[in-house]
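Written below as structure tokens is the structure these notes are about.
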Amino acid sequence: MQYFSHETAIIDEGCTIGAGTKIWHFSHLMPNCTLGENCNLGQNVFIASGVELGNNVKVQNNVSIYTGVVCEDDVFLGPSMVFTNVINPRSAVNRRGEYLQTRVGKGATIGANATIVCGHDIGEYAFIGAGAVVTKDVPPYALVVGNPARQIGWMSTYGHRLEFDENGKAVCPESGEQYMLHDGTVTRS
């Protein structure tokens, strides 16, 4: 077997699971979900049908990922964070055909207990602080916190706060990578 699953995990037929992926205690994968290589699903993780996880996605304990969510490579989903997939749920109204898409870009981090309201994109390397409630799109490299989430800065690909000088340049203290801020958009140089 190319992946590991704990004996208490439930993996329904039709799942695609990449080599090196680990699925831990009491997790449940519904039919037709796709997990890339070297993913790690912690305890009590639920993956709904149609969900796509790229390579090296880390899903911490107690996370449910519902239909409509796509996570690109290297995404980190913190403990007990939440995705939604219907904007106006009602118990007595079936809205299965109204699931909204949520895309989480490459390398993004979503902190513990954060909530991502469906229909919004999280840009690559964005950093969502613990407990934040995301109600709109988040730009690449943005640092957002609070309820509702608001942007308070920018982050490097290594997860460090970027401090831009008067010329719109910043350097990651760990990697030495250089970044440019121009018209509210960050790019790596």
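Examine region 82-100 for a residue that is under 19 Å from Val145 (Cα atoms) and part of a loop (DSSP other than H, G, I, E, B), and state whether such a residue exists.
Checked region 82-100: at least one residue is under 19 Å from Val145 (Cα atoms) and part of a loop (DSSP other than H, G, I, E, B).
If you take the residues in region 162-189 that are charged (D, E, K, R) and part of a strand (DSSP E or B), which one is modelled with the lowest pLDDT?
Going through the qualifying residues, I end up with Arg188.
Does Asn38 satisfy the criteria of being closer than 15 Å to Gln60 by Cα, in a loop (DSSP other than H, G, I, E, B) and of a type outside the set (Asp, Glu)?
yes
Collect the residues in region 109-127 that are of a type outside the set (Phe, Trp, Tyr), in contact with a Ser or Thr (Cβ under 8 Å, 6 or more places away or on another chain) and in contact (Cβ under 8 Å) with a residue 24 or more places away in the chain, keeping them in residue-number order.
Initial filter on region 109-127 (of a type outside the set (Phe, Trp, Tyr)): 109-124, 126.
Going one step further and asking which of them are in contact with a Ser or Thr (Cβ under 8 Å, 6 or more places away or on another chain), we end up with 112-113, 115-122, 126.
Scanning region 109-127 gives Ala112, Asn113, Thr115, Ile116, Val117, Cys118, Gly119, Ala126.
Given Gly97, Gly105, which one is modelled with pLDDT under 95 and not hydroxyl-bearing (Ser, Thr, Tyr)? Walk me through it before giving the result.
Numbers: Gly105 fails: modelled with pLDDT under 95.
That would be Gly97, the only listed residue that is modelled with pLDDT under 95 and not hydroxyl-bearing (Ser, Thr, Tyr).
Which residues, taken from region 40-50, are surrounded by fewer than 24 Cβ atoms within 10 Å (Cβ to Cβ) and either touching a residue at least 60 places away in the same chain (Cβ under 8 Å) or among the hydrophobic types (A, V, I, L, M, F, W, C) (or both)?
Listed by number, the residues that qualify are Val45, Phe46, Ala48.
Is it the case that Gly119 is small (Gly, Ala, Ser), in a loop (DSSP other than H, G, I, E, B), in contact with an Asp or Glu (Cβ under 6 Å, 6 or more places away or on another chain) and surrounded by 16 or more Cβ atoms within 10 Å (Cβ to Cβ)?
Answer is no for this residue.
Output the residues belonging to region 143-161 that are in a strand (DSSP E or B) and either over 16 Å from Gly123 (Cβ atoms) or within 16 Å of the chain's Cα centre (by Cα) (or both). Show your work before the answer.
If we filter region 143-161 for residues that are in a strand (DSSP E or B), which is where we start, we get 143-145, 150-155, 161.
Those that are in a strand (DSSP E or B) and either over 16 Å from Gly123 (Cβ atoms) or within 16 Å of the chain's Cα centre (by Cα) (or both): Leu143, Val144, Val145, Met155, Arg161.
Could you pull out the residue among Ile65, Ile10, Ile23, Ile17 that is closer than 17 Å to His120 by Cβ and in contact (Cβ under 8 Å) with a residue 12 or more places away in the chain?
Every option except Ile65 fails the conditions.
Within the bounds of region 32-39, is there any residue that is under 26 Å from Ala142 (Cα atoms) and in contact with a helix residue (DSSP H, G or I) (Cβ under 9 Å, 6 or more places away or on another chain)?
no
For region 153-180: of the residues being under 15 Å from Thr109 (Cα atoms) and without any contact (Cβ under 8 Å) to a residue 24 or more places away in the chain, which is surrounded by the most Cβ atoms within 10 Å (Cβ to Cβ)?
His160
The values are calculated or read from the model by the stated rules, or taken from the named source; none is laboratory data. Just so you know, these numbers come straight off a predicted model, no measurement behind them. Glycine also receives a Cβ, built like all others from the backbone with ideal geometry; neighbour counts cover every protein chain displayed.
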